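First the structure, in the form of structure tokens, and then the observations on it.
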Amino acid sequence: MNPNVQKNAAAYNTMAHSWEEAMQTNVGHKYLEKPAMDKELPETLEGKTVLSIGVGGGDELKEILKRSPARVVGIDISKELLNISSNKYPSIEFKEMDMMSMDFADTMFDFVYSSLTLHYTNDWDALLKEIN
């Protein structure tokens, strides 16, 4: 993991619980960001394998699961945020992983989702290549 990613992971590990609490009452997140992202999800993900990049505390997983995917994998650099997510959604597989160096088979996912994460990269070409 590169030093900037390690720094961000440490910061999110330290503030994971306060971050999770803040997201529950953050007006912009609750009434603008989440509804906008939810509208962009396909009507169904039935039978699909979904990757959620930067899953954080798992806020978006509720809407993803409503669309009946066969499997969901969530990744994040913060072990503490992954712990929060896995407590809420024990049926989902979570991995501590950097989005810039994901360790998955090339054709593993049918749908890739990310909310408020991709801006952390300095190399959009490399990130989009990694996602593809």
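The values are calculated or read from the model by the stated rules, or taken from the named source; none is laboratory data. None of the values given here were measured: they were computed from a predicted structure. FYI the Cβ positions are ideal-geometry reconstructions off the backbone, even for glycines, and counts take in every protein chain you see. Heads up: the accessible areas ignore ligands, DNA and RNA and are worked out on the full protein's heavy atoms, side chains in. Shrake-Rupley method; radii C 1.70, N 1.55, O 1.52, S 1.80 Å.
Observations, loosely collected:
- Phi-derived couplings, Karplus 6.51 cos²θ - 1.76 cosθ + 1.60 at θ = phi - 60°, listed residue by residue for the stretch 98-110: 7, 5, 7, 9, 6, 10, 9, 5, 4, 10, 6, 10, 8 Hz, with x used for Gly and Pro.
- Which of M99, I77, V27, positive extreme of dipole for the chain (C-beta unit charges): V27
- Dividing the summed -39500 (n - 2.57) terms of all DSSP H runs of n ≥ 4 by the residue count of the chain sets its mean residue ellipticity at 222 nm at -12500 deg cm²/dmol.
- Length gained on full extension, L116 to M23, computed as 0.36 nm times the residue gap minus the Cα-Cα distance: 32.2 nm.
- The chain - percent of accessible surface contributed by carbon and sulfur, probe 1.4 Å: 50
- Distances between placed amide hydrogens fall under 5 Å for G74 paired with S52, E93, F94, K95, all partners being 5 or more residues away or on another chain.
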